[in-house]
Each structure stands twice: as C-alpha cells, then as structure tokens.
Amino acid sequence: MNDDVRAELWITLARALMLPRDPALLPALRDALPESLVALLPDAIDADVAAALDLLTKGFGRFADSQALLVHYSRCFLSPPIRVPLNLGLYLDGLPGGAAFESLQHWMLAYGVVRCADFPEQADHLGCVLELLAIIEDAGDVPRAADFAHAFLLPTLPRLEERFAADEDGEIRESPYRTVLALLQTALRATHPVPATMAERRAKYRQRPIGDGWRRCGRCGAPIATEKELAVIEAALLRQDLPVAHLDLCPDCRDAARGWTKRSVCG
C-alpha cells in the first residue's frame, strides 16, 4: 500500500469518527464507508473483516435519520458521563493535557500543522490524531508514521473497545462505532504491524530516533514523550511521594511489567 492510499485510509476513518453534523454522513457511513475500506484495504479483507464490514452496514442502517445518529454519537462520546472518551491522552496518561497531549503538539509543530480556531476538538481527539497520521503518511515518512501509530494509536484503541464492551447499555455495546474502531485497529496492524518479538520491537524503535530530548521505553524502546514533559510529571508525582518508575515505560509495557522498576534494569 503506497503513502497516498494510507493517507486516504486514515482521513476516511477520521471523518467517520467525527461529530455527525452533516445529514449526508449517515448514508456515507452506511454505504460508502464499507466500500471505501474494501478498496483501501484489499490485502486485509479476510472472513472476519468481511463480517465486520457487513456489521458496519447493518449497524448504521439501524438509524432512521441523521438526528438519530447524532443522538447515538452523543450518548457514546459526548453526554456525561462519557462512556467512551475519544481523547487519547486520557488513556495514555490518565488525565487531560498530560505528556501525550504535549507530545502531539510537538508532532503537529514538526509537520507544520495547526488546529483551526473554530474546530472544537482537542489535538488528542482520535479523529485529529488520525488526520495527523495521514499528514505524516502523505509526507512519505513511513518510519515516522509507524512510530506515531505505535506511540499513540495502537496502545489506546483496545482500551476504547473495552469501554464499549463493558457498557451495560446494549445500544452502546453494539454501536457501529465500536465496529469502526475494530476496523481501524485491523488497518493499523496491517499497515504498521507490531514486531513479532520484544527484541525485534526494541530494535525497530531504537534504530529510528525521533529527535533529541525524547525518552523511549526502557523495555521495548517505543517513544514515550520528551524528557522536558516527563520531568514536569515526575516532579509533580515526587511532591506527592508517589512512584515515578513507571514513567520509564510506554503504556503497553506498564501493565505487562508487573512490578518492574528502573533499578531492575539499570542495576
């Protein structure tokens, strides 16, 4: 898959996850989106993906009109208590405006991207992050695009899906937006696959530095955030006598580590 096709793929999925204000979006999600994904992901269409595409058509087909879709979108992503937040920083840092959010600002600056003044979403909104990935792909920088996907998207998407799956409301559990997220994960893993072993993953990330001043995961080598950003978080934690060793791990490795500390690596 070439850079232009990947960029179009992420833009297509980004638009599918934005607030459905336009009445034309419902038929586009129901009919055009599955067809577009078949065209953009021909090598990833297996039986499971074909079933998900059919589920996508049926799921969006349940809504009588664009207003019904807007209400459903709001119930999933906007109305308090928000069932499935789309701001990725909440999953990566556990709070808004943390290191992940600041890192995204640096990525935007590096690629000359600014948020439109009238655009309501923050930079870490999933749709915005996908649009930024499309810009990186369009620049032909596949290694950087892979780093970006592995730093921000692949660690967080399973957590969004878990929020859908755990909801007590059947309408939320069976939301077609949950299917969109599943297809997005499939697309990302097909275009930027995770290395098979931890050693390969470590080598992949470390052979492509993403800039001076960045901290990489002490276990797998994935980019986390800049040292400046993490220093702010570390200072805040130390003031409250809280541990800071987890800041040396990416979100994927934090849960897997189960008690790993910096001392165990550095001796």
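Tell me yes or no: at least one residue of segment 48-56 is within 27 Å of GLU174 (Cβ to Cβ) and of a type in the set (Asp, Glu). Yes. Among the criteria (1) within 22 Å of ILE45 (Cα to Cα); (2) open to solvent by 60 Å² or more (accessible area, probe 1.4 Å), the one ALA139 does not fulfil is (1). Please work out which residue is modelled with the lowest pLDDT, limiting yourself to segment 1-36 and to residues that are of a type in the set (Lys, Arg) and surrounded by 12 or more Cβ atoms within 10 Å (Cβ to Cβ). Out of the qualifying residues, it is ARG6. Residues of segment 183-218 that are farther than 13 Å from ALA151 by Cβ, open to solvent by 40 Å² or more (accessible area, probe 1.4 Å), modelled with pLDDT of 75 or more and not polar (S, T, N, Q): ARG189, ALA190, PRO193. When every residue of segment 53-69 is checked against the conditions, at least one turns out to be of a type in the set (Asp, Glu) and within 17 Å of PRO176 (Cα to Cα).
Against the numbered list (1) at pLDDT below 90; (2) more than 22 Å from MET18 (Cβ to Cβ), ALA100 comes up short only at (2). The helices (runs of 4 or more DSSP H) falling completely within segment 138-181 that include 1 or more residues that are without any contact (Cβ under 8 Å) to a residue 24 or more places away in the chain map to 157-166, 170-173. Of the numbered criteria (1) open to solvent by 70 Å² or more (accessible area, probe 1.4 Å); (2) closer than 20 Å to PHE164 by Cα; (3) among the small types (Gly, Ala, Ser), the one ALA39 fails is (2).
On the stretch given as segment 244-263, residues that are part of a helix (DSSP H, G or I) and either at pLDDT 75 or above or open to solvent by 80 Å² or more (accessible area, probe 1.4 Å) (or both) total 9. Of all the numbered requirements in (1) assigned to a helix (DSSP H, G or I); (2) surrounded by fewer than 16 Cβ atoms within 10 Å (Cβ to Cβ); (3) modelled with pLDDT under 90, LYS58 misses one, and that requirement is (3).
I'd like to know if segment 69-84 contains one or more residues that are among the β-branched types (Val, Ile, Thr), touching a Pro at 6+ places or on another chain (Cβ under 7 Å) and surrounded by 14 or more Cβ atoms within 10 Å (Cβ to Cβ). So far as segment 69-84 goes, no, none of its residues is among the β-branched types (Val, Ile, Thr), touching a Pro at 6+ places or on another chain (Cβ under 7 Å) and surrounded by 14 or more Cβ atoms within 10 Å (Cβ to Cβ). ASP241 fulfils the conditions (1) over 30 Å from PHE60 (Cα atoms); (2) touching an Asp or Glu at 6+ places or on another chain (Cβ under 8 Å); (3) open to solvent by 80 Å² or more (accessible area, probe 1.4 Å); (4) modelled with pLDDT of 70 or more except for a single criterion, (2). Residue pairs whose Cβ atoms lie under 8 Å apart, sitting 6 or more positions apart in sequence or on different chains, and linking a residue in segment 12-33 that is closer than 19 Å to GLU131 by Cβ to a partner that is of a type in the set (S, T, N, Q), are THR12/SER36; PRO20/SER66; ASP22/SER66; LEU25/SER66; LEU33/THR12.
Here is a check on your reading of the model: is ALA50 assigned to a helix (DSSP H, G or I), open to solvent by less than 60 Å² (accessible area, probe 1.4 Å) and either farther than 30 Å from ALA235 by Cβ or touching an Asp or Glu at 6+ places or on another chain (Cβ under 8 Å) (or both)? Judged against the criteria, ALA50 is a match.
The values are calculated or read from the model by the stated rules, or taken from the named source; none is laboratory data. Just so we're clear, the structure is a prediction, and the values are computed from it rather than from any experiment. Every residue, glycine among them, receives a Cβ derived from its backbone with ideal geometry; neighbour counts consider all protein chains shown. Calculation scope for accessible area: heavy atoms of the full protein, side chains included, ligands and nucleic acids excluded. Shrake-Rupley method; radii C 1.70, N 1.55, O 1.52, S 1.80 Å.
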